[in-house]
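Please read the structure below before turning to the comments.
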Amino acid sequence: MDLGDFEADNSVSCRLTSEIPDICTSEDCCLGIDEAGRGPVLGPMVYGICFCPVSRKEQLKDLKVADSKTLTEAERENLFQNISDAKDFVGWALQILSPNTISTSMLQRSKYNLNALSHDAAIGLVQYALDSGVQLKEVFVDTVGPAEKYEEKLSQCFPGLEVTVRPKADSLFPIVSAASICAKVARDHAVKGWSFTEDLGEVDTDYGSGYPGDPKTKAWLLKYQDPVFGYPQFVRFSWSTAKNLMDSKGSAVYWDDDEEDGEKAAARQNNTSMLSFCNRSTGSTAHGAAHQSHRFFTERRLQGLGAL
Amino acid sequence: MACNSSVTHVQLSTMGKAERTTVHLMPCEIEHNGSAQVSQYFTSTIKDRKQEKTVSFRGRGLRGAELSCPQGYTGLVLKEVNPNGSDQEDRTVKVSSTFDKLTYWNLETPPNSDDMVVMAMDWPELAEAIHGAVED
């Protein structure tokens, strides 16, 4: 699997696709959706779709695809090779959501949670298949959240499709297993070959599984933690593991959209002027209180120096 | 209430030795006073996209632009000579570095001409117009 497009800029979201098999644009097709790397605090989350003609579902089983979680990394690589070799009737597409995309989305001013992010990635991929001319009829989706709601959402987005959302769909439907293998292989490669844009010299890649509970992962987070900047962009800042470590060992950072106690915020607001540096006892000076600056100055946070 | 009558002196003689530096104006308050690994963790991850720069800080998306100091002006980074002085004493600061442009960052908002720091740069020209000597 060639991740070149993602590796060129691993701070954003990236789509990788196979060729669309001709037969998929003329025959009714089924499509499976699964994700890889939802839980880890490190690395990207990958959404994958795989599709093939409904009439060739049985042949898909011959590829011996199974739930990616029950397989070793080497087995997944082999199975991905089988999927690639079946390119005359099987196609796939992936959406790689970089850890930076996950952090900045989840920590956005108007919060964009992981479920919404996942659903949108899945919807985007199905739309891609439709736009590419794949004759979709059936869609099978694996989910960790409530299946009914998700099924309803997808059915509404794609009224012409028969959507089935099931927990553990990756072990029930071979087309979902195939999607899960594509996603997991991409996630493995992305994590293994991660190139750090930060200037950190030789980076220790012994980060364990990337799951918050793994002691190796936690040790790695501590090793590369910076009190001001936090972590490299390989880390999902929005994960509570990363947040808690910053709260206990990092410098405090305040944003204007923080939800916090009024008193604390007000105390700091008084301090935001660049000139607070020249004025140790903040607040109004004896004659400053009587004099209201013109809007021209307050809008620009400009203050007279003569008053100090 | 403290009546602040102390005076701040700028040691302009230190300006000659001061080196030019790059300055980032952040849209947040960072409770840290001292050096930081700016080039390792921050500058190296800035993406120059069309019209704007993007980066993230603490997992939050920032969008920024470069801004020049008004013509004829130089930016100064000042450092307190005696940081432990009391409120009542006069203060002395030295010029630790200088800059003629800075990069300012907005939280998620694209940089535009209404940004406070961009507008603030209007003042020198306006001040010259209203306070400058009038020639007849």
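List the residues, sorted by chain then number, that are 5 or more residues from A:Thr164 or on another chain and whose placed amide H is less than 5 Å from its amide H.
A:Val139, A:Phe140, A:Val141
Label-point separation (nm) for B:Glu89 and A:Val54, each offset 7 Å from Cα along Cα-to-Cβ?
It works out to 8.6 nm between the two label points.
Between the stretch A:161-222 and the stretch A:30-90, what is the C-alpha centre distance in whole Å?
14 Å
Checking the table A:Lys57/A:Lys87; A:Lys218/A:Lys249; A:Lys111/A:Lys243; A:Lys57/A:Lys153; B:Lys17/B:Lys94 against a 18 Å threshold on Cα-Cα, which pairs fail?
A:Lys57/A:Lys153
So how do A:His189, B:His24 line up by other beta-carbon neighbours within 10 Å, fewest first?
In increasing order of surrounding Cβ atoms, one gets B:His24, A:His189.
If Lys and Arg each add +1 and Asp and Glu each add -1, what is the summed charge of the other residues whose beta carbon sits under 14 Å from the beta carbon of B:Arg20?
Around B:Arg20, the surrounding residues sum to 0.
Summarise the partner chain shielding of A:230-239 as one whole number: the mean count of Cβ atoms from other chains within 10 Å of each residue's Cβ.
3
What is the mean number of Cβ atoms from other protein chains located within 10 Å of the Cβ atom of each residue in peptide B:114-122, rounded to a whole number?
So the per-residue partner count for this stretch is 3.
How large is the helix-only mean residue ellipticity at 222 nm for chain B, computed as the sum of -39500 (n - 2.57) over DSSP H runs with n ≥ 4, divided by its residue count, in deg cm²/dmol to the nearest 500?
-3000 deg cm²/dmol
Looking at chain B only, what percent of DSSP beta bridges run antiparallel? Nearest 5 please.
Within chain B, antiparallel bridges account for around 70 percent of the total.
Give me B:Met116, A:Met1 ranked fewest to most by other Cβ atoms within 10 Å of their Cβ, as a rough exposure proxy.
So the residues, fewest neighbours to most, are B:Met116, A:Met1.
Could you tell me the largest-minus-smallest coordinate of the C-alpha atoms of the stretch B:9-131 on each of the three principal axes, in descending order and whole angstroms?
45, 40, 28
At q = 0.12, 0.17 Å⁻¹, what is the base-10 log of I(q)/I(0) for the stretch A:4-192 according to the Debye formula with one equal point scatterer per Cα and no solvent? Please give it to two decimals.
Relative scattering, expressed as log10 I(q)/I(0), comes to -0.52, -1.08.
Output ³J(HN,Hα) for the stretch A:171-184: one whole-Hz value per residue in order, computed from phi by the Karplus curve 6.51 cos²θ - 1.76 cosθ + 1.60 with θ = phi - 60°, and x for Gly and Pro.
My calculation for the stretch A:171-184 gives 9, 9, 10, x, 5, 6, 4, 4, 4, 5, 5, 4, 5, 5 Hz in order.
Could you work out the Kirkwood radius for the stretch A:100-247, taking every pair of different alpha carbons, averaging 1/r and inverting it, reported in Å?
For the stretch A:100-247, inverting the mean 1/r across all distinct Cα pairs yields 17.8 Å.
With both bridge residues required to lie in chain A, what share of the DSSP beta bridges run antiparallel, to the nearest 5%?
Of all bridge pairs located within chain A, approximately 70 percent are antiparallel.
In Å, the Kirkwood hydrodynamic radius of the stretch A:1-66 over pairs of distinct alpha carbons?
After inverting the mean inverse Cα-Cα distance, the result is 14.3 Å.
Taking a ≥ b ≥ c as the square roots of the eigenvalues of the Cα gyration tensor of the protein assembly as shown, is the shape rounded (a/c under 1.5), prolate (a/b larger than b/c) or oblate?
Since a/c reaches 1.5 and a/b is larger than b/c, the shape of the protein assembly as shown is classed as prolate.
Going 7 Å from the Cα of B:Ala133 in the Cα-to-Cβ direction, what parts of the stretch B:64-106 have a backbone nitrogen less than 20 Å from that spot?
Those under the cut-off are B:72-73.
Could you give the longest part of chain A that holds none of the GluC sites (Glu not before Pro) found in DSSP loops with at most 15 neighbouring Cβ atoms within 10 Å?
It works out to A:20-201.
Readers should treat all values here as calculations from the given coordinates under stated rules, not as data from a laboratory. Everything quoted here is computed from the prediction, not taken from an experiment. Methodologically, a virtual Cβ is constructed for each residue, glycine included, from the backbone with ideal geometry; neighbour enumeration extends over all protein chains shown.
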